[in-house]
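J.: Shown below is the structure under consideration.
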Amino acid sequence: MKSVKIFLVTFLCVISCRKEQKQEQERLFSMKGEGSSEIKNVKDNFTEGKIDIEVYFPGNRLNEVLNKVDPSQGNIEQQIEKYTAELSAEQAEKIQKGVNSDLMLTMQILFAPMLNNEIFVRGNQVTAKCDGLVYHLENTLNGSNETGMVFVQSQSNKGNQVTFNYDKDFFVENQLQTRVNPEVYDRKLTGETEEIAGYKCNIAVYTLKNVTPMAIGKLEVWTSEHMPKSLNYIHPYYLEEENGIMKIAIYQGMQSDMPMMIYEFKKVTPISVSDSDMKIRQSQPVYEGKSDMEVIGSRLMDIMFGN
């Protein structure tokens, strides 16, 4: 129990301020192409419906804890403490070592929208509603004029929230997403295709040109011509792809074989989307991304690292 408590202190401090690797690799290979059991007509573009997304960390047993956490059930830290207590001392110590030794992985766990993540699409309009360990986020975008609105709320202090409007220029300088700068990465199409959630995707690999501290070494990106490009503006990673991105694999090193994190469309459901699905919450005042970035940045930092 001592190591369990040590892990909890370590992990909960980070919040405040699958199997072993070989088995996980086998699972990943077996999941290739896995998604909706009903294959979509490849001639049909996805123009309206709901997308369910999974974010996971291959080879890291912390998934077993985080997959049980439900933001709708109250205090997230208490839930993590509860489910971590169910682990053996050996399992908890192994997770603790991973968190302590890998700052980049820790930051991904802290900021990834991994607890709940769904996207609603209606024509050129896209709305994402998701939960990370420390925040709840709602983001709606009008792809026709590339403008949108974001609502972000602290998980631990529901009164700590911010809402702001943005336009296409916002993605060049903002810190809400991780922008993959095409000038520092080499992009290469693999020539391979893979089915994600019933849609055929092309695969591209982004590799860092030069070793840079704390930079992502490599990304694999799956895109489909049948997915709207507007989806790309609400993913946690912003890449300048011409087609809609359906899966992103993040590798810490340029030569890494095992992805550190995977963001993937698990289910794409063509259904009628309601106005309430597309609507996001708003706090007051509503700031402007163009003129109020200093205030917005301060509020976001307070939500992510404050309370």
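Any read-out appearing in this document is the output of simple, stated calculations on the displayed coordinates, not a laboratory observation. Keep in mind that this is a model prediction, so the values were computed, not measured. Using ideal geometry, Cβ is built from the backbone for each residue, glycine included, and neighbour counts are taken over all protein chains shown.
J.: Once the Cα gyration tensor of region 105-242 is diagonalised, what are the square roots of 5 times its eigenvalues, in whole Å and ordered largest first, as equivalent ellipsoid semi-axes?
T.: Values: eigenvalues 127, 77, 46 Å².
Over the Cα atoms of region 105-242, the ellipsoid semi-axes are 25, 20, 15 Å.
J.: Could you tell me what percent of the DSSP beta bridges with both partners in region 172-306 are antiparallel, to the nearest 5?
T.: Roughly 95 percent of the DSSP beta bridges within region 172-306 come out antiparallel.
J.: Continuing with the same structure: Quick one: which of 129/168; 229/267; 94/267; 82/158 span more than 29 angstrom between C-alpha atoms?
T.: Correct reply: 94/267.
J.: Follow-up question, since we're still on this one. Ranked by Cβ crowding within 10 angstrom, fewest neighbours first, how are 273, 268 ordered?
T.: 273, 268
J.: What order, most packed first, do the peptides 178-188, 52-62 have when packing is the mean number of other Cβ atoms within 10 Å of each residue?
T.: 52-62, 178-188
J.: In nm, to one decimal, how far is the residue 257 label point from the residue 183 one, both placed 7 Å along Cα→Cβ?
T.: Inter-label distance under the simple model: 3.6 nm.
J.: Also: Taking the convex hull of the Cα atoms, report for region 183-307 its projected area averaged over all directions, in nm².
T.: 10.8 nm²
J.: When 265, 305 are ordered from fewest to most other Cβ atoms inside 10 Å of their Cβ, what list results?
T.: In order of increasing Cβ crowding within 10 Å: 305, 265.
J.: Return the FRET efficiency for the residue pair residue 295, residue 272: r is the Cβ-Cβ distance, R0 is 35 Å, and the value is rounded to the nearest 0.05. Don't skip to the answer; put the middle values down first.
T.: Numbers: r = 38 Å, r/R0 = 1.08.
Approximately 0.40, to the nearest 0.05.
J.: From the convex hull of the Cα coordinates of region 119-184, what is the mean projected area in square nanometres?
T.: Its average projected convex-hull area is 5.4 nm².
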